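Here is the structure we will look at, set down as structure tokens.
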Amino acid sequence: MSDYRRVYIPGGCYFFTVVTYRRQPIFADERNVAWLRQAFKIVKAKRPFELTAAVVLPDHLHSIWQLPDGDADYSTRWQMVKTAFSRQLSVPVRSDGTKTVWQPRFFEHCIRDEADFHRHLDYIHYNPVKHGLADAPASWPHSSFRHFVASGWYPLNWGDGGIPASADFDRE
């Protein structure tokens, strides 16, 4: 077994990648995307955090969370999100009793500074284009991109002309 260590910083800002079991495209179904949104609402009501940015693709999702001051427990929150979502699906159950919905772990990265935040924000929003799912970030429906356009962070045509320099890195 690997010696996997996570960084827990109270009040930290984190980038996450969460992948479905064997990369099943479960989020290609709009109902599943709605159930995922509901799972986030349920967990945020019980264990508050700010979901700053997100993109949901057919077989994985990326997000940035800001945790409350004094709280570093993103692992429990992810467990709760995964559980709340998985309860909505009728899928095979493995011998250990777990459903075959999610890969067992997730990737996290503690955002170090404002430049790091912007790189990860760009990565999230350009991801559907990177995977060939959309011709531009604005055309992908399951993304926080339009919220950031409305807030003045991006022009609507951002990413239309190719890979933005800050989004050209691999996080999966």
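Each value in this text was obtained by applying a stated rule to the coordinates, not by laboratory testing. In this text the structure is predicted, and so the values were computed from the model without any measurement. Here the Cβ positions follow ideal geometry from the backbone for every residue, glycine too, while neighbour counts run over all protein chains shown.
Brief remarks follow.
- Sequence-separation-based contact order of the chain, relative, with Cα cut under 8 Å and 6+ spacing, percent: 27
- Options V101, I111, V56, ranked by Cα towards positive dipole end of segment 52-118, top entry (Cβ charges): V101
- Mean Cβ count within 10 Å, highest first, over the residues of peptides 150-158, 50-58, 123-131: 123-131, 50-58, 150-158
- Placing pseudo-labels 7 Å out from each Cα toward the beta carbon at R37 and D116 gives an inter-label distance of 3.1 nm.
- With Rh defined as the Kirkwood radius, the inverse of the mean 1/r over Cα pairs, the Rg/Rh of segment 24-97 is 0.98.
- Estimated translational diffusion coefficient (Stokes-Einstein, Kirkwood radius over Cα pairs, 10 °C, 1.306 mPa s) of the chain: 94 µm² per second.
- Point-charge dipole on Cβ atoms (K/R +1, D/E -1) for segment 13-167, about Cα centre, debye to 20: 720
- Charged neighbours of D71, selected by a Cβ distance under 13 Å, balance to +1 (K, R count +1; D, E count -1).
- Modelled spin-label separation between V7 and Q66, with each label point placed 7 Å from Cα along the Cα-to-Cβ direction: 1.9 nm.
- Note on segment 1-62: with charges restricted to the Cβ of Lys and Arg (+1) and Asp and Glu (-1), its dipole about the Cα centre is near 220 debye.
- Net charge contributed by nearby residues that have their C-beta within less than 15 Å of P155 (K/R +1, D/E -1): -1
- Selected from P68, N32, S139, residue furthest toward positive end of dipole (segment 13-167; charges at beta carbon): N32
- Highest mean packing comes first when the peptides 39-49, 88-98, 134-144 are listed by Cβ atoms within 10 Å, giving 134-144, 39-49, 88-98.
- Lysine pairs with alpha-carbon atoms under 26 Å apart, the chain, spacing 8 or more or separate chains: 8
- Rounded to whole Å, the principal axis extents of the Cα atoms in segment 1-54 read 34, 32, 19, largest first.
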